[in-house]
Structures are given as structure tokens and as C-alpha cells.
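A short write-up of the structure that comes next.
The values are calculated or read from the model by the stated rules, or taken from the named source; none is laboratory data. These numbers come from a predicted model, not from an experiment. Using ideal geometry, Cβ is built from the backbone for each residue, glycine included, and neighbour counts are taken over all protein chains shown. Surface areas here come from the heavy atoms of the whole protein model, side chains and all, with no ligands, DNA or RNA. Shrake-Rupley method; radii C 1.70, N 1.55, O 1.52, S 1.80 Å.
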Amino acid sequence: MADLIRAVINPSRPASGDTLSAFTTSELKNVIAFHQSIPGYHPTPLTALPALASALGVKTIQVKDESRRFGLNAFKALGASWAMASYLAQQLELTEQPLIFPQLQTALRQHPALTQTFATTTDGNHGRGVAWMARLLGQKAVINMPAGTTAERLQAIRAEGATAQIVPMNYDDAVRLTAKQAAEAGWIIMQDTAWPGYEAIPMWIMQGYSTLITEIAEQLTVLPTHLFVQAGVGAFAGAIQAAAIARWGEQAPRVIIVESSQADCLYRSAQRDDGQTVAVSGALDTIMAGLACGEANTIAWPILRDHSNAFLSCADEVAALGMRMLAAPCPGDMPITSGESGAVGAGALGLLMQPGYASIAQMLSLDHNARVLLISTEGDTDKTGYRNIVWGGQHALSL
Ligand SMILES: Cc1ncc(COP(=O)(O)O)c(C=O)c1O
């Protein structure tokens, strides 16, 4: 059992340059004002799990449940919506902030010549967000999905009216293919990762995720000491880290980054002394489809490198444990439907509080004083896979 989680504690380094400047409190307010103006918006629940906290030996556990986001079963549309809206507002020269959804919709109807095709690569959740926002704003979406994507995730994107296909390559190669196709066809790349020279849209996407922290700050009754954030390319984690500092400053919790051991590019990068990134290639074969990305986002990595506390590389069993812990809670706690990429933080916490992981827990100060915040970033986005794990006991471990 002892190597289902490997940990790197991040040495504290002097922050390099201003990696947090896109996450000011006034920018965070503009972002949530936009999200609040989208029809159907409501904050997702923040649920306390006191019985689980007591069973594991920490003070409090709270879980932000993103399965309830805009009816899309994952948080990702927060980024796609803000980025697409910001891009289109720039085209329309709408400069007034906050940007408001109905005004943008009206302006676009008055300028049909500005209709664009937005192209992206996705394991499912981001592409569904792009397709959804494109439909609401009268735009087009073209989506590539890496090999191994389930038919259910493909159908969910097609149901939003996008052109979507599965391509025979891993996520990172599919990102390159989409960028090439977009350049040839004149489409706008709406990618949730960045690379040198492609940074404006990914930064908007990251800003979009900050709404989660703005909502949490309104919902919390007690400030967390520890925040577990799962990562694929690290855009989500970078955004949450930056927004937590913007919102809570010195009081911000320590942020613990959680990855799949099959795609742990941030964990491996954190092991280097020179602050550079390490890529993971190959099939990236993990049940955590949303985290199956082997190359770090170049604007998120400096934020994580300079500010996050620790990086965890987790086997699939850890995510499966988290799914079951949340689905079958301790008596008195509410159940939460959390998918593979959503539940790995809960699983990591559950395992770290077992005697076999006491040394890592101690390094992270995870003890009876810890107030833990978890973000369940998706629900059962692959229903068959969810049942195979939660009902069928796939990827089991013994505690
Ligand atoms: C459910 C879920 N959680 C977390 C992530 C990680 O986000 P990022 O790739 O920005 O690290 C993803 C990415 O697709 C996801 O789908």
C-alpha cells in the first residue's frame, strides 16, 4: 500500500516575477459577475462532512461539489465561458466591465459576421463547456478527443451541437493536431492549456475558474488550512492557487496539488531544482481522464512552482477510494457523486490519514487541527465507469 501516493514537498523559493497579476480582487469580481449573468447560474454547494473528518482525524472537511455546475456535471464551463465571452467582447470592442451575458448575446446577434468557430481538444469536460457556450452565444465548436475517450463523453459534446471526434493519439498530441487544424482553417483555438506564444485565451480560461474561490469564500464558515487541488495540465490548480492568494492573502490555505501517477508532470517538475518542467509521454493510461495530460500549462506552472506547498502523485486506487468515500459516507454526512478526476483529493486525504502514510501526513501538518477543503471537480461524467468502480469495486484497495 505504501506507494499508492508519492509526495514532493515544494521547497520555498522566492517568487519569480509577478505570476499572480491576472488574479486581482477586482478581476475576480468581474469574472463572477459575468457568470452570475448567465441564465441558470447558481453557486454550487459547499458541503461539510463532519463524520468523515472525525473518522479520519482532522478538524473539518468541506467539499465543493462541481457536479452541479450549469447542468454540465463539471466545473470546466467556468473557464470556457469567460474566455469565449472575453474574446468575443474584444472583437466587438465591448470594453465596459463587468461584462454581462445578455448584453454580449444581443451585441453578437447584431453582428452575425463576427461568428467564429472555436476549436479545442478535451478529455470531455472542457470541450463540453466550449460546446455549451458556443451554442448559447450562436458560435460554432469543433472538438477533438484523445484515444480512450468514452462514447458517453463524446455524445455529451455532440448533444451541445458541436462537431466532435475521437482522434488516435494522446491528449498532448491531440492538442498539437487541433492547433494545426485551427491554423489551416482559420478557427480560434480555445485551449485550456498554454504554450509559448499562446497565452491570452488560456489566461482567460484560468481566470474563469476563479469563480469557484469567490463562491467558496462566501460559503465558508471557517477558513481552511489545507486545500487539495487536482491537476492535469495545472490550469485549474494554478487558477485556484492564485485566486486563493488574491482572496485570502496571508490567510490562504496551503495548497496540495494532486495528480495521476500516470500523468504526473507537475510532481516530476517539482522534483527538479531548476524550476523547469518535465513532460510525461505515452498512453497516459489512467481512470482519471480529466487529469491525463503529460505537459504542464506554461502560465500555470510558475504559479504552482512558486506558491504551492506539495505535489502528490496518486495511483488509480486513490481516485477510486475517494469516489467510494464520497458515495457511501459516514453516518450523518451527505453523499456526493464524484467522478474519477473529481474524487482523487478525497482519496488522497483518506489514505494519508492511514498509519502507512503518517510521515507524509506529518510533513503536510495533516492532523486534528487541519481544516480541509476539497473540490470535487466532476460528477459521474462516465456513468458506466462510475458504477464499475463504486458498485463493482474496480481498483479496490484494503485500508
Ligand atoms: C474533472 C476535472 N478535474 C480536474 C481537471 C484538471 O484541470 P487542468 O487540466 O487544468 O489541470 C480536469 C481537466 O480536464 C477535469 O476534467
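Just flag the chymotrypsin sites (Phe, Trp or Tyr not before Pro) in the stretch 300-399 sitting in loop per DSSP whose Cβ has no more than 11 other Cβ atoms within 10 Å. Don't skip to the answer; put the middle values down first.
Numbers: sites: Phe311, Tyr357, Tyr386, Trp391; in loops: Trp391.
Filter output for the stretch 300-399: Trp391.
For an R0 of 56 angstrom, estimate the FRET efficiency from the Cβ-Cβ distance between Gln394 and Glu93 and round to the nearest 0.05. Present the calculation step by step, with values, prior to reporting the outcome.
Numbers: r = 52 Å, r/R0 = 0.94.
FRET efficiency, Gln394 to Glu93: 0.60.
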Of Thr121, Gly275, Val233, farthest towards positive along the dipole that unit charges on Lys, Arg, Asp, Glu beta carbons give the chain: Thr121
Projected-area average for the chain over all orientations - Cα convex hull basis, square nanometres: 17.8
Part-to-part distance (alpha-carbon centres) for the stretch 305-354 and the stretch 95-139, which is given in Å: 33
Choice from Ile38, Ile205, Ile143 with maximal GNM fluctuation in the chain (Cα, 10 Å cutoff): Ile38
Within the chain, helix-based [θ] at 222 nm, where runs of 4 or more DSSP H residues each add -39,500 (n - 2.57), nearest 500: -12500 deg cm²/dmol
Fluctuation leader among Cys330, Cys314, Cys265 - the chain, Gaussian network, Cα springs under 10 angstrom: Cys330
Solvent-accessible surface (1.4 angstrom probe) belonging to Met363, in square angstrom, nearest 10: 100
Choice from Arg69, Arg272, Arg135 with maximal GNM fluctuation in the chain (Cα, 10 Å cutoff): Arg272
Residue-normalised accessible area of the chain, expressed per residue, 1.4 Å probe, Å²: 38
Gln276-Gln251 pseudo-label distance in nm [points 7 Å out on the Cα-to-Cβ vector]: 4.1
Amide hydrogen neighbours beyond the local backbone of Ile166, cut-off 5 Å, H modeled: Met145
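Suppose a student asked you for the relative contact order of the chain, using Cα pairs under 8 Å spaced at least 6 residues apart; what percent would you report? Mind showing how you got there, number by number?
Working: 836 pairs, mean separation 92.5, N = 399.
Reported as a whole number, the value is 23 percent.
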Residues whose placed amide H lies under 5 Å from that of Gln116, excluding near-sequence neighbours: Lys140
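Mean separation of Cα pairs under 8 Å and 6+ residues apart, divided by the residue count of the stretch 239-334: what relative contact order is that in percent? Please report the intermediate quantities before stating the final value.
Working: 109 pairs, mean separation 33.2, N = 96.
It rounds to 35 percent for the stretch 239-334.
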Antiparallel DSSP beta bridges within the stretch 77-199, percent to nearest 5: 10
